[in-house]
1. Restrict the check to segment 253-263 and report whether at least one residue is within 30 Å of THR333 (Cβ to Cβ) and either in contact with a Phe, Trp or Tyr (Cβ under 8 Å, 6 or more places away or on another chain) or surrounded by 24 or more Cβ atoms within 10 Å (Cβ to Cβ) (or both).
2. Can you find a residue in segment 204-217 that is over 20 Å from the mean Cα position of the chain (by Cα) and hydrophobic (A, V, I, L, M, F, W, C)?
3. Would you check which residues across segment 19-67 are modelled with pLDDT of 80 or more and of a type in the set (Asp, Glu) and list them?
4. Answer yes or no as to whether THR267 is hydroxyl-bearing (Ser, Thr, Tyr), assigned to a loop (DSSP other than H, G, I, E, B) and closer than 30 Å to LEU352 by Cβ.
Amino acid sequence: MKKWMLAALVLLPGCTVNEERPAEEQAALTNDTVDTGQVAEVIATNLTIPWDITKPKDDFFISQRGGNIVHVHPDGKKEEMQLKLKKTVSHEGEGGLLGFELDTDFHENSLAYVYHTYRDGERLLNRIVQVQKVENGWEETKELLARIPGGSIHNGGRLAIGPDSKLYATAGDAGVKDSAQNKQALSGKILRLNLDGSIPEDNPFSDSYVYTLGHRNPQGMAWAEDGTMYAAEHGQSAHDEINTIKPGRNYGWPVIEGDEKQEGMETPLFHSGEETWAPSGMAFKGGKLFVAALRGEKVLSFDLKNHEITVFYSGAGRLRDVYVSNNYLFIVTNNTDGRGTPAENDDRLLRLPLSITSH
């Protein structure tokens, strides 16, 4: 397993479009291997730009950027589920159907939350809505927050319910850098909502959904067992970040990045230097953060105690999301998103054991 300390990162030139994967990486149709000798079990194949993994029991509901939810049964059988929304999903550039999070009482109320891009006249925007599972799909029941600035790039889009039972959402700067420093704008922020869409009374800014500011394009969130929150964020050219998230803090974009410092702004816990990770979904297990990397085409493991970065898994191309259940890590590839080189049967849902990394 490759391992290096943060101060000794292997530097690679950043770019925005993936190079072709070597032929040996494209050849595996049923299993993917990694240097550690692990074998990734293939749970489902032929997904279409999957974005967010949820797992209510032994099956999965996965959002796909084009606008639908795919139900993956325990035997790997797939069922496309219609998503009926009051505004049409606009799948343009990096926008579309993005974050998907099940309610904490999903087994009783069949509710979930969706983050999606939509068009209002000439503008692309994002909104967060509550949906409910019905017999053959999902239907919108309530709009929680709309008119989050959107665009063909930098929509953020991750949803997660924190240990405080609040709904968190990552919102990118939508290509307008300075909006990340504007406390009145919803772009370039991490947002925090009550599950009914109201503003929590203990949010750091009065009468505002803004929880933190100064973000470029955050796409991953996770909480440690002690309640500490972390987020993964795309840098402008390399300098991708893993941040410890604290309410009301300013994470610097576009003023600082990497090791740069400025009073009143936070520096990252980890960053990629001149290498590009393009980090997306994130999960926590056993003192480590597991992060899916798109441009980096691997799962990175960040040891929060020793500050070591490990390549936990690679060889399947672009990776969009990770999900921990019991002692397994589930991953979705994203080779059909227009920036990858799809192998046969892409995109796929994969499973890896975590026992070798758990404390």
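The values are calculated or read from the model by the stated rules, or taken from the named source; none is laboratory data. Nothing here was measured: the structure is a model prediction, and the numbers come from that model. In this analysis, Cβ positions are derived from the backbone assuming ideal geometry, glycine residues included, and neighbour counts consider all displayed protein chains.
1. Narrowing segment 253-263 to residues within 30 Å of THR333 (Cβ to Cβ): 253, 257-258.
Then drop every residue that is not either in contact with a Phe, Trp or Tyr (Cβ under 8 Å, 6 or more places away or on another chain) or surrounded by 24 or more Cβ atoms within 10 Å (Cβ to Cβ) (or both), which leaves 253.
Yes, because at least one residue in segment 253-263 is within 30 Å of THR333 (Cβ to Cβ) and either in contact with a Phe, Trp or Tyr (Cβ under 8 Å, 6 or more places away or on another chain) or surrounded by 24 or more Cβ atoms within 10 Å (Cβ to Cβ) (or both).
2. Here is the first cut: in segment 204-217, the residues over 20 Å from the mean Cα position of the chain (by Cα) are 204-208.
Now restrict to residues that are hydrophobic (A, V, I, L, M, F, W, C): 205.
Yes, because at least one residue in segment 204-217 is over 20 Å from the mean Cα position of the chain (by Cα) and hydrophobic (A, V, I, L, M, F, W, C).
3. Restricting attention to segment 19-67, the residues satisfying the condition of being modelled with pLDDT of 80 or more are 40-67.
Residues satisfying the conditions are GLU41, ASP52, ASP58, ASP59.
4. Details: hydroxyl-bearing (Ser, Thr, Tyr): yes; assigned to a loop (DSSP other than H, G, I, E, B): yes; closer than 30 Å to LEU352 by Cβ: no.
It is false that THR267 is hydroxyl-bearing (Ser, Thr, Tyr), assigned to a loop (DSSP other than H, G, I, E, B) and closer than 30 Å to LEU352 by Cβ.
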